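Undergrad: So that we are looking at the same thing, I have put the structure below in structure tokens.
Each value in this text was obtained by applying a stated rule to the coordinates, not by laboratory testing. Just so it is clear, the structure is predicted and the values come from calculations on it, not from any experiment. Neighbour counts run over all protein chains shown; Cβ positions are idealised from the backbone, glycine included.
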Amino acid sequence: MKKVTVIASIFLFSILRFQELLHVSSSPHFYGNQVHEESSGGKRNLKQEQENAPEVRCSRDRSRAVWKVIDEYLTPFVEKENYELSKKCRLHPENDMFRDQEEHKIYLDRNEWRCGYCKKSFREEKFIDLHFDKRHYNLLDLSHGKCLADLCGALHCDAAKNSKFSRSKCNPAAAARNRHLCESLADSCFPISEGPSASRLHEVFLHQFCEAHSCSGKHKPFSRGGKDQGSFFRLAVGALVLVLLPVFYLFLYLIQSDMKGRTQELRRISKAGWKAKPA
Ligand SMILES: [Zn+2]
């Protein structure tokens, strides 16, 4: 029975390892907004970096949130149509002042981020953000119209960040402003005159982002859906089955061989008993 216990432990261990693997792969690399506790050393770092940072009137966090919304709810449709955004469109990567820096952010593990320009390492994403603000601000294009964060309202990035985002505080004037900005984005990024692909994307854009800018609550943002999030889970389940199946068969095999051993032992005992009885 010892063998069975050993195999049961291996089985349990593989499940635990797999859970760990899933946890790591769903860390900041994928979702980018994990918050860590900071030590006193971390606080010192933050203060030092803040002292020298020049003022940039565009929120990196909100720009990142807008970028995520675009990536999740617009890019799949644009790619499907094989459509190339023009530089006149504010959603073009070159019109995000932080894009180059964000692409030079190397995620190594939960506690290590590396600057792609100077290879310096950081424990948390906020420290590498401050490092970019302080050391590489010369790489920011501060010209007009390059702040993605300005489009946060029009593209519902608060609703995307927080699924419980309340519609009860709807302000009709703000909704109208956002709708106007949203529709002007649709017109500049997907001009209907450019052909069928642009027209289809124009329509998708209105459904995804612009229709929900009303206080009626009739339309929800991102109504056409986003990236296939199910694919990650399908992959995870596939990998789990692949890892556990051989362990399961080994487990069965060992139980069987253990049972066989026991039956043989029982036979031996009963035979011995038969022989012993007449005497
Ligand atoms: Zn650097």
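Undergrad: Of Lys68/Lys120; Lys88/Lys218; Lys80/Lys161; Lys68/Lys220; Lys87/Lys119; Lys126/Lys227, which sit over 28 Å apart, Cα to Cα? Each step should come with its number before you reach the end.
TA: Working: Lys68/Lys120 25 Å; Lys88/Lys218 32 Å; Lys80/Lys161 25 Å; Lys68/Lys220 18 Å; Lys87/Lys119 30 Å; Lys126/Lys227 26 Å.
Violating the 28 Å Cα-Cα cut-off are Lys88/Lys218; Lys87/Lys119.
Undergrad: Give me the dipole magnitude in Debye, nearest 20, for the range 118-216 about the Cα centre, with unit charges on the beta carbon: positive for Lys and Arg, negative for Asp and Glu. Walk me through the intermediate numbers first.
TA: Numbers: 14 positive and 12 negative charges, 115 e Å.
Using Cβ point charges on Lys, Arg, Asp and Glu, the range 118-216 gives about 560 debye.
Undergrad: Neighbouring Cβ atoms within 10 Å as the yardstick, rank His180, His156 fewest first.
TA: His180, His156
Undergrad: With θ set to phi - 60°, apply the Karplus curve 6.51 cos²θ - 1.76 cosθ + 1.60 along the range 88-100 and write out the HN-Hα couplings as whole Hz, x wherever there is a Gly or Pro.
TA: My calculation for the range 88-100 gives 6, 7, 5, 8, 5, x, 5, 9, 10, 4, 8, 4, 4 Hz in order.
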